[in-house]
């Protein structure tokens, strides 16, 4: 599949950043069973430190209001293309918090009668 030959993590998400599909590079990055990823929000799956700050998880904390990834996806949901927007995420890796700089690109698209967002994360190594 063409989607899987792309060397950087690519996700298909909805407006709430719930993951609907992803490519092989994203799968290697997450290292999780597909059943633990699909229909879960991106921050939860990527281990965003802020997603742990509210029982409801990703998108429901005060820090989520400033999240570039979330803002970019919402902009794409409104029809705006976002290209290589600088972002910094604080991830939990091996029990420790680490700041990661990355570039976020989002592109809205329609498949059938449904709208989706293609989310590309550059700088997260898969």
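None of the figures in this text is laboratory data; all of them are computed from the coordinates on show. Note that the structure is a prediction, hence the values are computed from the model and not measured. Methodologically, a virtual Cβ is constructed for each residue, glycine included, from the backbone with ideal geometry; neighbour enumeration extends over all protein chains shown.
Values as computed for the structure displayed
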item	result
Shape of the range 81-126, Cα gyration tensor, a/c cut at 1.5	prolate
Prolate/oblate/rounded call for the range 58-107, Cα gyration tensor, a/c under 1.5 rounded	oblate
The range 22-85: C-alpha gyration tensor shape, a/c 1.5 cut-off, then a/b vs b/c	oblate
Where a label projected 7 Å from the Cα of residue 32 along Cα→Cβ would reach, residues of the range 1-18 with amide N under 13 Å	18
Structure-derived volume of the Cα convex hull per residue in Å³: which label, when the choices are (i) 108; (ii) 117; (iii) 140	(i)
Segment residue 15-residue 113, extension gain: residue separation times 0.36 nm, minus the distance between their alpha carbons	33.7 nm
Value of relative contact order over the range 1-84, rounded to a whole percent, pairs C-alpha under 8 Å and six or more apart	22
